[in-house]
Amino acid sequence: MILVSSCLLGNPARFDGKSRPCPLLVKYKNCGHFLPICPECAGQLPIPRPPAEIQHDSGAAVWQGQCRVKDSSGLDVTENFCRGALVCASLSKKYKITAVILKERSPSCGVHAVYDGSFSKTALPGQGVAAAYLAHMGYKLYSEEDLTEGLLLKLLAEDTES
């Protein structure tokens, strides 16, 4: 199985109640190899919800206790983000996940970048809370921006072989 950010498959799980469908993933949505999940929903945050950002760092720093995740109203939602990441990790073990495809710049799912905590759409290098945890566990992470059809077909073939 391949763990995929639910919003990338067209599911309305984002903070604003919308999705961010990735056409390539949607094309293969019914292939039977995707396990959709929204770490924020798994962490018991509602839909819709205020946008949240890691405050001036990345997911690895959250796990090290060096920064927090706050929503636009100032509410600390760090525990929800960590809980959601742990659910993703548990499901990844249970379903023998072979790869992970996540939404870039998300505070949970960012693979290469996350927003900086200023709510100004300024990105900085780093991973989201769930992405950092899954990377630490050794999973291969990709964002929707990394995907080509060739790469996706390779990931699907590797999943079939495992």
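The values are calculated or read from the model by the stated rules, or taken from the named source; none is laboratory data. As the structure is a prediction and not an experimental result, all values here were calculated from the model. Cβ atoms come from the backbone with ideal geometry, glycine included; neighbour counts cover every protein chain shown.
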Open item on the list: Could you check the range 105-160 and list, in sequence order, the residues that are surrounded by 15 or more Cβ atoms within 10 Å (Cβ to Cβ), closer than 24 Å to G65 by Cα and aromatic (F, W, Y)?
Closed with: Y115, Y133, Y139
Task: Cβ pairs under 7 Å, 6+ apart, first in the range 101-112 and closer than 16 Å to I2 by Cβ, second outside any strand (DSSP E or B) and among the polar types (S, T, N, Q) - done: V111/Q127
Task: Residues that are assigned to a helix (DSSP H, G or I) and within 30 Å of L153 (Cβ to Cβ), drawn from the range 24-73 - done: L24, L25, V26, K27, P39, E40, C41, A42, G59
Task: Filter result (in contact with an Asp or Glu (Cβ under 7 Å, 6 or more places away or on another chain) and without any contact (Cβ under 8 Å) to a residue 24 or more places away in the chain) within the range 46-66 - done: Q66
Task: Neighbours by Cβ (under 8 Å, 6+ apart or cross-chain): first from the range 71-87, farther than 16 Å from S118 by Cβ; second acidic (D, E) and surrounded by fewer than 23 Cβ atoms within 10 Å (Cβ to Cβ) - done: V77/D71
- [ ] Looking only at the range 42-90, count how many residues are touching a helix residue (DSSP H, G or I) at 6+ places or on another chain (Cβ under 8 Å), of a type outside the set (S, T, Y) and closer than 19 Å to V111 by Cβ.
- [x] 18
- [ ] From (1) outside any strand (DSSP E or B); (2) at pLDDT 95 or above, pick out the condition that doesn't hold for Y142.
- [x] (1)
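Scan L3, L25, L75 and give me the residue that is surrounded by fewer than 20 Cβ atoms within 10 Å (Cβ to Cβ), aliphatic (A, V, I, L, M) and modelled with pLDDT of 95 or more. Before the answer, list the steps.
Values: L3 fails: surrounded by fewer than 20 Cβ atoms within 10 Å (Cβ to Cβ); L25 fails: surrounded by fewer than 20 Cβ atoms within 10 Å (Cβ to Cβ).
Answer to the selection: L75.
Take the conditions under 14 Å from the mean Cα position of the chain (by Cα), outside any loop (DSSP other than H, G, I, E, B), at pLDDT 95 or above and under 21 Å from S19 (Cβ atoms) and apply them to C88. Does it pass? It would help to see each step written out before you state the result.
Numbers: under 14 Å from the mean Cα position of the chain (by Cα): yes; outside any loop (DSSP other than H, G, I, E, B): yes; at pLDDT 95 or above: yes; under 21 Å from S19 (Cβ atoms): yes.
Taking the combined requirement at face value, the residue satisfies it.
Is it true that R83 is among the basic types (K, R) and in contact with a Ser or Thr (Cβ under 9 Å, 6 or more places away or on another chain)?
It is false that R83 is among the basic types (K, R) and in contact with a Ser or Thr (Cβ under 9 Å, 6 or more places away or on another chain).
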